[in-house]
Amino acid sequence: MLGFSFRAFSFRFRGKTKRLFTLYHCFLEHPGVGLHPIQISKYTGMRFPEVILRLDSTNELFVKLPKRKDGLTRYRLTSSTAVQSEEAVEKMILSAAKRETVTLYSLGLIILSIFAMGLIMIFPYETIGN
């Protein structure tokens, strides 16, 4: 990793679909229960910081419940995600990852085009006939 992160260019789904599927299936295995990130970490085998990061960054799938009196923060599936079929949710996650991949490649192409235009403008070229 580079040691810094641009929040505007952080991809929430691209490269993380397997982890999101794991979290989603964990909530399906425990329906109607708000789960604490430590519980989710134990159930899924994922690292605790990764669980929190995925839960907080994907508001389309997971919602943070209000803190209980003991101060624990729990998460659940969003209402719209909970009523959808597994296939529909997996299709949504994959399409979001695909959209982010297209965005990444588009940004790369734009940067490469700007660089190429700069090179073309800097270096003189000979005209035909002189």
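As a summary of the residue check, GLY129 satisfies the conditions (1) modelled with pLDDT under 95; (2) touching a Ser or Thr at 6+ places or on another chain (Cβ under 9 Å) except for the one numbered (2).
Scanning the stretch 30-59 for residues that are buried (at least 16 other Cβ atoms within 10 Å of the Cβ), touching a residue at least 40 places away in the same chain (Cβ under 8 Å) and either touching a Pro at 6+ places or on another chain (Cβ under 7 Å) or under 16 Å from LEU72 (Cβ atoms) (or both) yields GLY34, LEU35.
For the stretch 60-78, enumerate the residues that are without any contact (Cβ under 8 Å) to a residue 12 or more places away in the chain and either within 19 Å of ALA96 (Cα to Cα) or of a type in the set (D, E, K, R) (or both). Within the stretch 60-78, LYS64, LYS67, ARG68, LYS69, ASP70 meet the criteria.
Is one or more of the residues making up the stretch 69-76 surrounded by 11 or more Cβ atoms within 10 Å (Cβ to Cβ), charged (D, E, K, R) and over 18 Å from the mean Cα position of the chain (by Cα)? Among the residues of the stretch 69-76, at least one is surrounded by 11 or more Cβ atoms within 10 Å (Cβ to Cβ), charged (D, E, K, R) and over 18 Å from the mean Cα position of the chain (by Cα), which makes the answer yes. Can you work out which of the residues in the stretch 79-97 that are farther than 23 Å from GLY34 by Cα and without any contact (Cβ under 8 Å) to a residue 12 or more places away in the chain is nearest to the chain's Cα centre (by Cα)? Per the criteria, the residue is SER95.
Has the stretch 91-109 got at least one residue that is acidic (Asp, Glu), at pLDDT 90 or above, in a helix (DSSP H, G or I) and closer than 30 Å to PRO66 by Cα?
Kept after step one, since they are acidic (Asp, Glu), are these residues of the stretch 91-109: 100.
Narrowing further to those that are at pLDDT 90 or above: 100.
When the remaining residues are screened for being in a helix (DSSP H, G or I), the result is 100.
Of the ones still in play, those that are also closer than 30 Å to PRO66 by Cα are none.
There is no residue in the stretch 91-109 that is acidic (Asp, Glu), at pLDDT 90 or above, in a helix (DSSP H, G or I) and closer than 30 Å to PRO66 by Cα.
You will find that of THR103, THR73, the residue that is in contact with a strand residue (DSSP E or B) (Cβ under 7 Å, 6 or more places away or on another chain) and either of a type in the set (Gly, Ala, Ser) or more than 16 Å from LEU20 (Cβ to Cβ) (or both) is THR73 and no other.
The values are calculated or read from the model by the stated rules, or taken from the named source; none is laboratory data. Please read these numbers as outputs of a predicted model, since none were measured by experiment. Glycine gets a Cβ as well: all are built from the backbone with ideal geometry, and neighbour counts include every protein chain shown.
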